[in-house]
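S.K.: Quick one: this structure, given as structure tokens, is what I'll be asking you about.
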Amino acid sequence: MPILGIMASSISGSKSSSYESIASVTATGVETQLTFSSISSTYTHLQIRGIARYSVAGGTDDNLYMRFNGDTGSNYPTHWIDGNGSTVSAANIAPWDRMLIGKITAGSAGANMFGACIIDIHDYASTTKNKTVRHIAGDDMNGSGDVWLGSDLWMNTSAINQITMFCSGIFASGSTFALYGIKG
Amino acid sequence: MLQVQPSPFTESKDNMATTYEKIATTTLSSAAASIDFTSIAGTYTDLRLVIVGKYTSAGGNTRIVFNSDTSSLYSSTRIAGDGTSASSDRLTAQANLRLNFDGNSTTIPDLLTVDIFSYAGSTFKTSLITSSEDKNGSGSVIRTVGLYRSTTAITSITINLSSSTMAAGTIATLYGIKAA
């Protein structure tokens, strides 16, 4: 199971701002997971921006998932609202082993179509609070697709130092996630 | 039509670009049918467009066009709440990317944001759009995913309306976000 990991790079140079790029990772077409590791506690919040596509044929879209610190315990309850172009649905999942971020395009979608997401991770370095996450994600394929709003909880007070993005199989080449730090 | 030319990229002393920086902004001093951001460099990873819109007549909707391309390459899927119910629908094969659906107001500004991912890349361009329009008794909150089915890098963005004009005081700002 190929997994691509990238060590969070430290910002070089002396210029600083309140919104900094920490690291980015791009799939080559063989990875089942894309991981940011060794995330420092320098910032107040984190944000992930990305485009992604699931490479296996069989459907036009599929789920994108996220996990913290390699924790595969049932510690992630999730709520979401989904619009699929005709109906709206809202649901929740009792604590699960992953966060459900939303839909990304899959192998049967038209060429060059990718889903996108923006994920905000609040107070990620706290060692006294569980971690709350919010996200917007979506994929449009000119006639199908979903737009997705969600909120997740990681029931763990550890500081987040690793974030893993994964889907139901292999990320298509060109899928990319960028991690940003926001200072308070 | 108002055309906004991004200022030349200025390197800092340590030759490092800021991760999130303003490319160009405009505040209308008089009504305009459209606002153009042109000559957008491929320097960044994503773009973020923020509009605080006021309009000279009610109704109509705000749209954007990339690279002056008005062929039927735009589509979108949205979810909306109008204070009473939630709904979802989509537009296919459009000549522009629609940002709001509730009808513009002459008195209450709306807030529209558009995150355009991998705008300089060679895949189709996906956007995540927010529309926030509370009118003290009516209004809507809308989230949209949009697609522009072109592999060409985006170098210009035009904001225009389905009818009417943007009023003085409308603000449009384009930001660039750069990944490591």
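The values are calculated or read from the model by the stated rules, or taken from the named source; none is laboratory data. Note that this is a predicted model, so its numbers are computed, not measured. Positions of Cβ are backbone-derived with ideal geometry, glycine not excepted, and every protein chain shown enters the neighbour counts.
S.K.: What single numbered condition from (1) within 14 Å of another protein chain (Cβ to nearest Cβ); (2) among the acidic types (Asp, Glu); (3) more than 18 Å from A:ALA137 (Cβ to Cβ) fails to hold for B:ASP134?
M.R.: (1)
S.K.: Which is touching a residue at least 40 places away in the same chain (Cβ under 8 Å) and either within 9 Å of chain A (Cβ to nearest Cβ) or not in a loop (DSSP other than H, G, I, E, B) (or both), of B:GLY83, B:GLY146? Steps first, answer last, please.
M.R.: Numbers: B:GLY83 fails: either within 9 Å of chain A (Cβ to nearest Cβ) or not in a loop (DSSP other than H, G, I, E, B) (or both).
Being touching a residue at least 40 places away in the same chain (Cβ under 8 Å) and either within 9 Å of chain A (Cβ to nearest Cβ) or not in a loop (DSSP other than H, G, I, E, B) (or both) holds for just one of B:GLY83, B:GLY146, which is B:GLY146.
S.K.: Among the residues of the stretch A:136-177, write down those that are more than 14 Å from chain B (Cβ to nearest Cβ) and either at positive phi or in a strand (DSSP E or B) (or both). Full working, then the answer.
M.R.: Of the stretch A:136-177, the ones more than 14 Å from chain B (Cβ to nearest Cβ) are A:152-170.
Of everything in the stretch A:136-177, those that are more than 14 Å from chain B (Cβ to nearest Cβ) and either at positive phi or in a strand (DSSP E or B) (or both) turn out to be A:ASP152, A:LEU153, A:TRP154, A:ILE163, A:THR164, A:MET165, A:PHE166, A:CYS167.
S.K.: B:VAL114 versus (1) closer than 15 Å to A:GLY143 by Cα; (2) assigned to a strand (DSSP E or B); (3) in contact with a strand residue (DSSP E or B) (Cβ under 6 Å, 6 or more places away or on another chain): which is the lone unmet condition?
M.R.: Exception for B:VAL114: condition (1).
S.K.: Consider A:SER17 carefully, then state whether it is modelled with pLDDT of 95 or more and surrounded by fewer than 17 Cβ atoms within 10 Å (Cβ to Cβ).
M.R.: No, not satisfied.
S.K.: Follow-up question, since we're still on this one. Considering only the stretch A:116-135, how many residues are small (Gly, Ala, Ser) and within 14 Å of chain B (Cβ to nearest Cβ)? Even if it seems obvious, please write down each step before you answer.
M.R.: Within the stretch A:116-135, the subset small (Gly, Ala, Ser) is A:116, A:125-126.
Now narrow it down to the ones that are within 14 Å of chain B (Cβ to nearest Cβ): A:116.
Total satisfying the criteria: 1.
S.K.: Working only within the stretch B:1-32, note down all residues that are assigned to a loop (DSSP other than H, G, I, E, B), surrounded by 13 or more Cβ atoms within 10 Å (Cβ to Cβ) and at pLDDT 95 or above.
M.R.: Result: B:LEU28, B:ALA31.
S.K.: Of B:ALA180, B:ALA120, B:ALA153, B:ALA93, which residue is hydrophobic (A, V, I, L, M, F, W, C), within 29 Å of A:SER173 (Cα to Cα) and modelled with pLDDT under 95? Lay out the reasoning, then the answer.
M.R.: On the way: B:ALA120 fails: modelled with pLDDT under 95; B:ALA153 fails: modelled with pLDDT under 95; B:ALA93 fails: modelled with pLDDT under 95.
Unique residue meeting the criteria: B:ALA180.
S.K.: Quick one: which strands (runs of 3 or more DSSP E) sit completely within the stretch A:10-91 and have at least 3 residues that are of a type in the set (Gly, Ala, Ser)?
M.R.: Values: elements: A:19-26, A:33-37, A:45-52, A:61-68, A:76-83.
Output list reads A:19-26.
S.K.: In addition: Is there a residue in the stretch B:101-111 that is in contact (Cβ under 8 Å) with a residue 60 or more places away in the chain, within 11 Å of chain A (Cβ to nearest Cβ) and within 12 Å of the chain's Cα centre (by Cα)?
M.R.: Here is the first cut: in the stretch B:101-111, the ones in contact (Cβ under 8 Å) with a residue 60 or more places away in the chain are B:104, B:106, B:109, B:111.
Next, only the ones that are within 11 Å of chain A (Cβ to nearest Cβ) stay: none.
Among the residues of the stretch B:101-111, not one is in contact (Cβ under 8 Å) with a residue 60 or more places away in the chain, within 11 Å of chain A (Cβ to nearest Cβ) and within 12 Å of the chain's Cα centre (by Cα), which makes the answer no.
S.K.: Being closer than 24 Å to B:ALA93 by Cα and not in a strand (DSSP E or B) is the filter here, so list the residues in the stretch B:45-80 that pass it.
M.R.: Listed by number, the residues that qualify are B:GLY59, B:GLY60, B:ASN61, B:ASN67, B:SER68, B:ASP69, B:THR70, B:SER71, B:SER72, B:LEU73.
S.K.: Continuing with this model, one more query. On the basis of being of a type in the set (A, V, I, L, M), out of contact with any Pro (no Cβ under 9 Å at 6 or more places or on another chain), under 13 Å from B:PHE66 (Cβ atoms) and part of a strand (DSSP E or B), does B:ILE159 make the cut?
M.R.: Answer is yes for this residue.
S.K.: Additional query: If we scan the stretch B:137-151, do we find a residue that is more than 20 Å from A:GLY115 (Cα to Cα) and of a type in the set (Phe, Trp, Tyr)?
M.R.: At the first step, the residues of the stretch B:137-151 found to be more than 20 Å from A:GLY115 (Cα to Cα) are B:137-141.
If we keep only those that are of a type in the set (Phe, Trp, Tyr) too, we end up with none.
No, that holds for no residue.
S.K.: Given the conditions (1) crowded, with 17+ Cβ neighbours inside 10 Å; (2) over 22 Å from B:ILE116 (Cβ atoms); (3) at pLDDT 95 or above, and given that A:ILE136 satisfies all but one, which numbered condition is not satisfied?
M.R.: (2)
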